[in-house]
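A.B. asks: Here it is: the structure, laid out below.
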Amino acid sequence: MKILIAADMEGITGVVHWDQVMPEHNDYSRFRKLMTGDVNAAIRGAFAGGATSVVVSDGHNNGRNILIEELDERASLNSGSPARLSMVNGVDEDVDGVMFIGYHGRMGSQNAILDHTWSDERVSGLWLNERAFGESGLNGAVCGHFDVPVIMASGDQTLCAEVQDFFGNKIETAQVKKAVSRMSAECLPPAVTSSLIEEAAKRAVINLRSGNAPKPFKITQPIKITIEFEQSEMADKAAFMPGAKRGADRRVEYTADDMITVYLAFRTLLALAR
Ligand SMILES: [Zn+2]
């Protein structure tokens, strides 16, 4: 029973502002410790539920946030960037289930702490086959490509609703804060959230072992990805990618059968748009 824990930072316990999740700000050192704490709670829960192996992927910013010296010694850490599968690097057919720790609502969500989709500066909207997606859906579809379900997630109440919408109500969630705007939330302290996360992670693995977990999330092929960029110039540049098409306004579209190709194309389009 191998579990991959994919960790982001905006949905971590206590986080309500960019300054807390960007390395150049003083607060960051506190919040990377809290991120490590949320991840450790998920690792404890995974093993308590019956996992035999846990790999953690640090998926925020440059992938260098989690403090390895404080990481539960039963887990290993995928750290650094770039990595081919980015936020879910490490997922493959040998993984039995994935947990999303510290995830956040998609760009444009209301009452969602630091809502964005991959890049706050470049992406104003993302659709797969015309359905609005955030990072949870996008990364969940990459896991689904390998027939791996997303079994648990933590973040604010809007993220918890988003993952239930995408992956079904069998997903276990740990709500660590209640957002009242983009940068304000009623936050539970780590002493409380660590047990919420641990218990949800434990239940998720128990459900998985008893055949009661969400199904792998798969997108109907062909898969059309549409990105709406923040500025027209970004769309102009991204549309230079072979196979990409300029859509309405600031949108660029790309279609492929394979979800991994779509994921790599998404990140290439974003890189071009810089
Ligand atoms: Zn993110």
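A.B. asks: Looking at SER184, SER232, SER194 in this structure, which one is in contact (Cβ under 8 Å) with a residue 12 or more places away in the chain and touching a helix residue (DSSP H, G or I) at 6+ places or on another chain (Cβ under 8 Å)?
C.D. replies: When all the criteria are applied, what remains is SER194.
A.B. asks: Suppose we filter segment 91-128 for residues that are in a strand (DSSP E or B), surrounded by 20 or more Cβ atoms within 10 Å (Cβ to Cβ) and aromatic (Phe, Trp, Tyr); how many remain?
C.D. replies: Matching residues across segment 91-128 total 1.
A.B. asks: Could you look through segment 77-124, keep only residues that are at positive phi and among the small types (Gly, Ala, Ser), and pick out the one that is nearest to the ligand (Cβ to nearest atom)?
C.D. replies: Going through the qualifying residues, I end up with GLY102.
A.B. asks: Report, by residue number, each residue of segment 243-263 that is touching a residue at least 24 places away in the same chain (Cβ under 8 Å), of a type in the set (A, V, I, L, M) and surrounded by fewer than 17 Cβ atoms within 10 Å (Cβ to Cβ).
C.D. replies: Of everything in segment 243-263, just one residue is touching a residue at least 24 places away in the same chain (Cβ under 8 Å), of a type in the set (A, V, I, L, M) and surrounded by fewer than 17 Cβ atoms within 10 Å (Cβ to Cβ), namely ILE260.
A.B. asks: Shifting gears a bit: Being aliphatic (A, V, I, L, M) and either in contact with a helix residue (DSSP H, G or I) (Cβ under 7 Å, 6 or more places away or on another chain) or outside any strand (DSSP E or B) (or both) is the filter here, so list the residues in segment 129-163 that pass it.
C.D. replies: Hits for segment 129-163 are LEU138, ALA141, VAL142, VAL148, VAL150, ILE151, MET152, ALA153, LEU159, ALA161, VAL163.
A.B. asks: Pull out all pairs, ordered by first then second residue, where Cβ-Cβ is under 7 Å, the residues are six or more apart or on different chains, the first lies in segment 143-160 and is more than 16 Å from ILE206 (Cα to Cα), and the second is of a type in the set (Asp, Glu).
C.D. replies: Partner pairs satisfying both residue conditions: PHE146/ASP92; PHE146/GLU93; ASP147/GLU93; SER154/ASP38.
A.B. asks: Given (1) surrounded by fewer than 18 Cβ atoms within 10 Å (Cβ to Cβ); (2) outside any loop (DSSP other than H, G, I, E, B); (3) touching a strand residue (DSSP E or B) at 6+ places or on another chain (Cβ under 8 Å); (4) aliphatic (A, V, I, L, M), where does ILE206 come up short, assuming only one miss?
C.D. replies: With respect to (1) surrounded by fewer than 18 Cβ atoms within 10 Å (Cβ to Cβ); (2) outside any loop (DSSP other than H, G, I, E, B); (3) touching a strand residue (DSSP E or B) at 6+ places or on another chain (Cβ under 8 Å); (4) aliphatic (A, V, I, L, M), ILE206 is out only on (3).
Bear in mind that the values in this text are calculations on the coordinates, not laboratory data. As the structure is a computational prediction, the values presented were derived from the model and not from experiment. No Cβ is skipped: glycine too gets one built from the backbone with ideal geometry, and neighbour counts run over all protein chains shown.
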